1. Surrounded by fewer than 20 Cβ atoms within 10 Å (Cβ to Cβ), assigned by TED's automatic domain parsing to the domain that holds R149 and more than 16 Å from ligand 2 (Cβ to nearest atom): does that describe R123?
2. Suppose we filter G97, G102 for residues that are farther than 23 Å from T181 by Cα, in contact (Cβ under 8 Å) with a residue 40 or more places away in the chain and outside any loop (DSSP other than H, G, I, E, B); which single one remains?
3. Taking the range 304-328, which residues are under 15 Å from L244 (Cα atoms) and in contact with a helix residue (DSSP H, G or I) (Cβ under 9 Å, 6 or more places away or on another chain)?
4. Can you tell me which residue in the range 59-77 is modelled with the lowest pLDDT, limited to those that are surrounded by fewer than 22 Cβ atoms within 10 Å (Cβ to Cβ) and in contact with a helix residue (DSSP H, G or I) (Cβ under 9 Å, 6 or more places away or on another chain)?
5. Give the residues of the range 281-336 that are of a type in the set (G, A, S) and either open to solvent by 60 Å² or more (accessible area, probe 1.4 Å) or on the phi > 0 side of the Ramachandran plot (or both), sorted by residue number.
6. Within the range 223-235, is even one residue open to solvent by 50 Å² or more (accessible area, probe 1.4 Å) and at positive phi?
7. Find the residue count for the range 199-227, including only residues that are more than 16 Å from ligand 2 (Cβ to nearest atom) and in contact with a Phe, Trp or Tyr (Cβ under 8 Å, 6 or more places away or on another chain).
8. I need the full set of residues from the range 10-38 which are within 16 Å of ligand 1 (Cβ to nearest atom), among the aliphatic types (A, V, I, L, M) and surrounded by 21 or more Cβ atoms within 10 Å (Cβ to Cβ), in order please.
Amino acid sequence: MGERGTIRIESLTRTYGRVVALDGVDLEVRAGELMTLVGPSGSGKSTMLRLIAGLDRPESGRILVDGQDVSRVPPHRRSVAMVFQDYALYPHLTVLGNLLFGLRVRRVRRDEAERRARSAAERLGLADLLDRYPDQVSGGQRQRVALARALLREPAVYLLDEPLASLDAPLRFATRADLLTLHRDLGSTTVHVTHDQAEAMTLGDRVAVLDRGRIRQLGPPQQVYDEPADTFVAGFLGSPPMNLVPGGGLLGGSPGLIVGVRPEDLILDADGAIEVSVDAVEALGSESILLTRATDGTRLTVRAAARCGVRPGDAARLRPDPARLHHFDAETGRRR
Ligand SMILES: Nc1ncnc2c1ncn2[C@@H]1O[C@H](COP(=O)(O)OP(=O)(O)OP(=O)(O)O)[C@@H](O)[C@H]1O
Ligand SMILES: [Mg+2]
């Protein structure tokens, strides 16, 4: 039974009225894999998780978990635990009560249930909050309670819908590292939805990029970043996004092409071929983002060093790294 934790999705479609939330999606998540799912708001990420969890039904298509069609299996029997975007906790139960709830439903003995709940709480830094009610802890802590509750189900598959979204930057960074460790320890298959560029790049073994209910690209994050399959993915993964120049213009190229270059692949160089004026400088501490405009009007975003000395109104010259230009078909947007 090497299939525990595999998810297989076949031509899955879900529409709400005229909105096609998922449009014939095929996807395989391997046993033990951590897959991140990214895409703009409304692209179908939560819909996908809800369907896998059994909280919603597809119009057509199949979902197999552990190699078995789960279409007719109710949510609580799917060996799938979901952490929601808005982490619903029971407000009338303490943190400990929330953690124990699922175990009680499954008739785990009381002392055993407490032992497991306390250990999950410990793991997520909640040990001191067990007697508080959900409205007495912070948003980030509530989110961790929801995570701990999912951990306690010991499912074959975790579905996490933006579980770090409400955390502040340092906590988010720390929890991201915790999640990775946790995933490594548990070895459970996980599908993790995120809006966050850093999470998309660092968390998953593979990342799936969703757009209007379709998967545009699936692969290891660095590969998707280095070789985006189309202009949508090129513009979505990476912050600030890739510069896309129709016809190529100053980047070379030809009509019928869109030429792309990432901000970090435009190098400030006094001998550079592209002359620009600098409209704005965003000093981010660790780096500067320059918003520039070439003589032909093309806007180019440049990632430069923190104290690069460039100021708004300056003239500058840019040298694109020729090995890092991306070519897309202007008609279809596909990579060439
Ligand atoms: N219950 C519903 N009734 C009607 N339309 C819905 C329903 N749930 C989702 N939709 C629509 O389906 C599309 C996909 O929604 P979904 O929640 O899956 O997006 P998402 O990718 O999770 O977005 P976000 O990043 O904002 O959470 C959207 O256009 C949304 O408005
Ligand atoms: Mg969502």
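The values are calculated or read from the model by the stated rules, or taken from the named source; none is laboratory data. It should be emphasised that the depicted structure is a prediction, and the values quoted were computed from it without experimental measurement. Don't worry about glycine lacking a Cβ; one is built from the backbone with ideal geometry, like all the others, and counts go over all protein chains shown. Ligands, DNA and RNA are excluded from the accessible area calculation, which covers all protein heavy atoms including side chains. Shrake-Rupley method; radii C 1.70, N 1.55, O 1.52, S 1.80 Å.
1. yes
2. Just a single option satisfies the conditions, and that option is G102.
3. P320, D321, R324, L325, H326, F328
4. Only one residue fits best here, namely H76.
5. Once the filter is applied, which keeps residues that are of a type in the set (G, A, S) and either open to solvent by 60 Å² or more (accessible area, probe 1.4 Å) or on the phi > 0 side of the Ramachandran plot (or both), the range 281-336 yields A283, G285, S286, G297, A305, G309, G313, A315, A323, G333.
6. The answer is no, given that none of the residues of the range 223-235 is open to solvent by 50 Å² or more (accessible area, probe 1.4 Å) and at positive phi.
7. Number satisfying all stated conditions: 2.
8. Of everything in the range 10-38, those that are within 16 Å of ligand 1 (Cβ to nearest atom), among the aliphatic types (A, V, I, L, M) and surrounded by 21 or more Cβ atoms within 10 Å (Cβ to Cβ) turn out to be L12, A21, L22, V25, M35, L37, V38.
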